[in-house]
1. Is there a residue being within 15 Å of the ligand (Cβ to nearest atom), in contact with a Leu (Cβ under 7 Å, 6 or more places away or on another chain) and of a type in the set (S, T, N, Q) anywhere in region 95-113?
2. Every residue in region 199-229 that is in contact with a strand residue (DSSP E or B) (Cβ under 7 Å, 6 or more places away or on another chain) and of a type outside the set (A, V, I, L, M), please.
3. Give 91, 80, 58, 65 a once-over and let me know the one that is in contact (Cβ under 8 Å) with a residue 60 or more places away in the chain, within 16 Å of the ligand (Cβ to nearest atom) and either under 25 Å from residue 238 (Cα atoms) or not small (Gly, Ala, Ser) (or both).
4. Taking region 120-148 as the region of interest, how many residues are surrounded by fewer than 20 Cβ atoms within 10 Å (Cβ to Cβ) and over 30 Å from residue 255 (Cβ atoms)?
5. Is at least one residue of region 231-244 in contact (Cβ under 8 Å) with a residue 12 or more places away in the chain, under 23 Å from residue 95 (Cα atoms) and out of contact with any strand residue (DSSP E or B) (no Cβ under 6 Å at 6 or more places or on another chain)?
6. Which one of the conditions (1) assigned to a helix (DSSP H, G or I); (2) more than 14 Å from the ligand (Cβ to nearest atom); (3) at pLDDT 95 or above; (4) closer than 23 Å to residue 136 by Cβ does residue 217 fail to meet, given that it meets all the rest?
Amino acid sequence: MKGSVVITGASSGIGEACAIYLDKLGYQVFAGVRREADAEALKCKALKKTIPIILDVTDEASIKTAVKMVQLSLGSHGLTGLVNNAGIVSTGPLEFLPISELRKQLEVNVIGQIAVTQAFLPLLRKSSTGRIINMGSDSGKVCSPLLGPYCASKFALEALTDVLRMELQPWEINVSIIEPGAVTTPIWGKSIEQVDKIWESFPDQAKKLYLPTLEAVRKTANKIGQKGISAEEVAKVVSQALAVKRPKARYVVGMDAKINILLAKIMPERVLDKLISLYLGLPKNAERQNSST
Ligand SMILES: NC(=O)c1ccc[n+]([C@@H]2O[C@H](COP(=O)([O-])OP(=O)(O)OC[C@H]3O[C@@H](n4cnc5c(N)ncnc54)[C@H](OP(=O)(O)O)[C@@H]3O)[C@@H](O)[C@H]2O)c1
């Protein structure tokens with residue numbers, strides 16, 4: 001056996017691809033899902049060494065139970081890897097975004113990642129090669145309009161990854177972050193559903209002010225989401241981060257991510273803002289309206 005790995009958010013997309021890929025490579029995979037139906041669906045995929053576990057990263061009791069299950073299964077062995085992949089996308093203009101949406105976004109994509117990491121660290125310490133891999137994004141380096149909550153969560157994950165990497169260095173527990181660009185997964189459809197839902201609750205004034213931005217971003221998101229790389233390509237990079245002797249701190253995945261991150265590094269902010277606005281086809285010189293009218 002190559003080792004053992006816990007993957008959060010393995011019901012679909014990148015997490016599921018990681019489970020399948022790592023199972024094929026011979027890892028004992030503990031695939032975190034939130035519903036029994038998703039656990040059953042994974043079992044039907046004829047994965048030899050995958051054990052689905054119920055794991056909601058925002059639920060302390062669920063995390064505790066998952067740790068116990070993994071511990072029981074590993075016996076005296078330690079855990080080789082933790083892939084903090086679970087994530088959601090919350091979108092909406094910050095001016096009107098319900099604060100509960102921002103909380104939810106940070107709870108899943110930031111707080112949940114650390115809660116899971118804390119819970120599994122004792123098992124990772126027991127392994128001589130314990131590693132943590134966080135699923136970041138190029139949105140942790142470059143921001144886009146309407147993606148405020150998501151970008152904030154991925155920027156925060158970048159910082160937490162850097163801190164964890166340094167804090168855990170004395171025990172040689174490596175910590176890496178994966179920074180994919182667009183990957184074709186259900187997350188794109190889910191984010192459009194989410195914005196449509198909160199849009200309904202917006203006051204008329206908000207709809208009037210932000211409709212052109214929403215339409216522009218939605219059109220581009222649809223296009224980008226369909227043209228993304230496959231989730232398997234990200235899974236391959238995760239497998240490298242798990243297996244190489246000296247894992248990198250960051251893995252940028254996909255040409256779009258490489259270009260975006262490079263541009264953010266070298267371009268003056270105002271120029272980058274203009275470029276992003278042009279790319280998204282955002283409205284220019286919108287009429288300044290009094291929000292009380
Ligand atoms: N797709 C992209 O273009 C892209 C690019 C860069 C980074 N990423 C990152 O990659 C990761 C995976 O996203 P994906 O694209 O594969 O999307 P996805 O198919 O929607 O997968 C998201 C996974 O996270 C799970 N999840 C959501 N809330 C959870 C919670 N509270 N506890 C545990 N699991 C939870 C979902 O489970 P349920 O089915 O139960 O909701 C699902 O399994 C995310 O962190 C995302 O930010 C994606």
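1. For region 95-113, residues within 15 Å of the ligand (Cβ to nearest atom), in contact with a Leu (Cβ under 7 Å, 6 or more places away or on another chain) and of a type in the set (S, T, N, Q): present.
2. As a first pass, look at region 199-229 and keep what is in contact with a strand residue (DSSP E or B) (Cβ under 7 Å, 6 or more places away or on another chain): 228-229.
Matches in region 199-229: 228 only.
3. Values: 80 fails: within 16 Å of the ligand (Cβ to nearest atom); 58 fails: in contact (Cβ under 8 Å) with a residue 60 or more places away in the chain; 65 fails: in contact (Cβ under 8 Å) with a residue 60 or more places away in the chain.
After applying the criteria, what remains is 91.
4. Of the residues in that region, 7 qualify.
5. Taking region 231-244 as the starting set, the residues that turn out to be in contact (Cβ under 8 Å) with a residue 12 or more places away in the chain are 231-239, 241-243.
Filter once more, keeping what is under 23 Å from residue 95 (Cα atoms): none.
No, region 231-244 contains no residue that is in contact (Cβ under 8 Å) with a residue 12 or more places away in the chain, under 23 Å from residue 95 (Cα atoms) and out of contact with any strand residue (DSSP E or B) (no Cβ under 6 Å at 6 or more places or on another chain).
6. (3)
The values are calculated or read from the model by the stated rules, or taken from the named source; none is laboratory data. Note that the coordinates shown come from a computational prediction; the quantities given were computed from them, not determined experimentally. Please note: Cβ atoms are built from the backbone with ideal geometry, for glycine as well, and neighbour counts cover all protein chains shown.
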